[in-house]
Amino acid sequence: MVKTPAALEAAMDFAIARPSRTLEATLRGKIDTKTKPLGALGRLESLALQISLIQQTESPKLERPQILLFAADHGAVAEGISAYPQDVTWQMVHNFLAGGAAINVFSRQADIAVQVIDAGVNHDFPAQAALRNCKIAHGTANYVHEPAMSAAQCVRAMETGVRLVGECAVHGTNVIGFGEMGIGNTASASLLLHRIGGVPLVDCVGRGAGLDDTGLARKRAILERAAARCPGPLTPLEALVEYGGFEIAMMAGAFLAAAEAKMAILVDGFIATSALLVASRLHPAVLEYCVFAHVSAEAGHRRMLDLLGGEPLLALGMRLGEGTGAAACYPLLQLAVNFLNEMASFDAAGVSNKSEP
């Protein structure tokens, strides 16, 4: 087991403050005096309040939305934990770059920019402007037998996520989501939920990309062996080093950087939320900036959301990853901001408000 070195802990020192609540009463007054019954817009009202508090303004704007899509491979795929071969990871990267994946379709509709990042795919891509080459290694090691990555690799991956978010901030992005692609990464997310969240492994492990009953039983048995390799308690960073993926580590750093930059963060599915689980144990205030897009059909995601206190906006039975849940919920953020900014108040519209008894 790799013990967390001081350098890794120090690298995760962020200044993340919870948003000030000073404007809350004013914002609630603005929301409540729109031409509607109190609370009639439901979750859109709390969403408008959250975004306004993140931006510390009564007139929030969503600027230059981005989804960072991190791709990486996992050495444990050699054990037979996935229904798909590892080559699908690099093949899907080409699909992303060609614009043919679900995240491309969803993002085009919502007018969200997508950056595709090679975090650690077991493939050598030709140099191309559309693909960010941030490869840490050609996939992680097989965590059934050894740590998935070194502490130094974990630092590099997390710092890369921080840098990429910083670039988005410089260009004016104030709303961001994170997606992923990596055959075998639901297994890593399951182990992180088990080792960080203390959830029984049987409740964490699902079918991933479509395992049948025999495959699911094999996956659970393999992950039991992997979990048993480190019998003692693990810090969140130690768990990430032992069982994570390079895409998960990059997302963990990206979550922290986005919160420090005071962005609204769209939280996607099971794997992305596992990165947030790590980040939130390091800096709990990151959760104040998170909008939980949806609850995945993947086993364990609901348990992870419960641990984080996340209330998902959507429940569509999705379990694709790629950031598709984040893209699907983005129009709801637009609705929340637009009603706050554009909907008339009772006074402005000359409409009678509810009579007091």
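Please work out which one of (1) part of a helix (DSSP H, G or I); (2) crowded, with 24+ Cβ neighbours inside 10 Å is the condition GLU238 fails and give its number.
(2)
Please work out if ALA239 is of a type in the set (Gly, Ala, Ser) and in contact with a helix residue (DSSP H, G or I) (Cβ under 6 Å, 6 or more places away or on another chain). Give the steps one after another, and end with the answer.
Values: of a type in the set (Gly, Ala, Ser): yes; in contact with a helix residue (DSSP H, G or I) (Cβ under 6 Å, 6 or more places away or on another chain): yes.
Yes.
Please go through region 279-294 and pick out each residue that is more than 12 Å from the chain's Cα centre (by Cα) and under 23 Å from LEU201 (Cα atoms).
Residues satisfying the conditions are ARG281, LEU282.
Find all pairs meeting these conditions: Cβ atoms under 9 angstrom apart; at least six residues apart or on different chains; first residue within region 313-341 and farther than 17 Å from SER46 by Cβ; second residue of a type in the set (Lys, Arg) and surrounded by fewer than 23 Cβ atoms within 10 Å (Cβ to Cβ).
So the pair list comes out as ARG319/ARG207.
Any idea how many residues of region 317-353 are under 14 Å from PHE270 (Cβ atoms) and surrounded by 14 or more Cβ atoms within 10 Å (Cβ to Cβ)?
9
Suppose the filter is part of a helix (DSSP H, G or I) and either among the aromatic types (Phe, Trp, Tyr) or within 11 Å of the chain's Cα centre (by Cα) (or both); does LEU276 pass it?
Considered against the rule, which asks whether it is part of a helix (DSSP H, G or I) and either among the aromatic types (Phe, Trp, Tyr) or within 11 Å of the chain's Cα centre (by Cα) (or both), LEU276 comes out as yes.
Can you name every residue in region 174-191 that is assigned to a strand (DSSP E or B) and under 17 Å from LEU131 (Cα atoms)? Walk me through it before giving the result.
In the first step, residues of region 174-191 are kept if they are assigned to a strand (DSSP E or B); the result is 175-181.
Once the filter is applied, which keeps residues that are assigned to a strand (DSSP E or B) and under 17 Å from LEU131 (Cα atoms), region 174-191 yields PHE178, GLY179, GLU180, MET181.
Please give the strands (runs of 3 or more DSSP E) falling wholly within region 61-160 in which 2 or more residues are surrounded by fewer than 21 Cβ atoms within 10 Å (Cβ to Cβ) and more than 18 Å from the chain's Cα centre (by Cα).
Because the criterion is at least 2 residues that are surrounded by fewer than 21 Cβ atoms within 10 Å (Cβ to Cβ) and more than 18 Å from the chain's Cα centre (by Cα), the strands (runs of 3 or more DSSP E) in region 61-160 that meet it are 131-133.
For region 51-94, name all the residues that are of a type in the set (Asp, Glu) and either in contact with a helix residue (DSSP H, G or I) (Cβ under 8 Å, 6 or more places away or on another chain) or at pLDDT below 95 (or both). Give the steps one after another, and end with the answer.
Taking region 51-94 and keeping what is of a type in the set (Asp, Glu), we get 58, 63, 73, 79, 87.
GLU58, ASP73, GLU79, listed by residue number.
Note down all Cβ pairs under 7 Å where the first residue falls in region 278-302 and is farther than 15 Å from GLY323 by Cα, the second is of a type in the set (S, T, N, Q) and not in a loop (DSSP other than H, G, I, E, B), and they're at least six residues apart or on different chains.
VAL286/SER280; LEU287/SER280; GLY300/SER190
The values are calculated or read from the model by the stated rules, or taken from the named source; none is laboratory data. Being a predicted model, the structure only gives us computed values, none of them experimental. Positions of Cβ are generated from backbone atoms using ideal geometry, with glycine treated the same way; all protein chains shown enter the neighbour counts.
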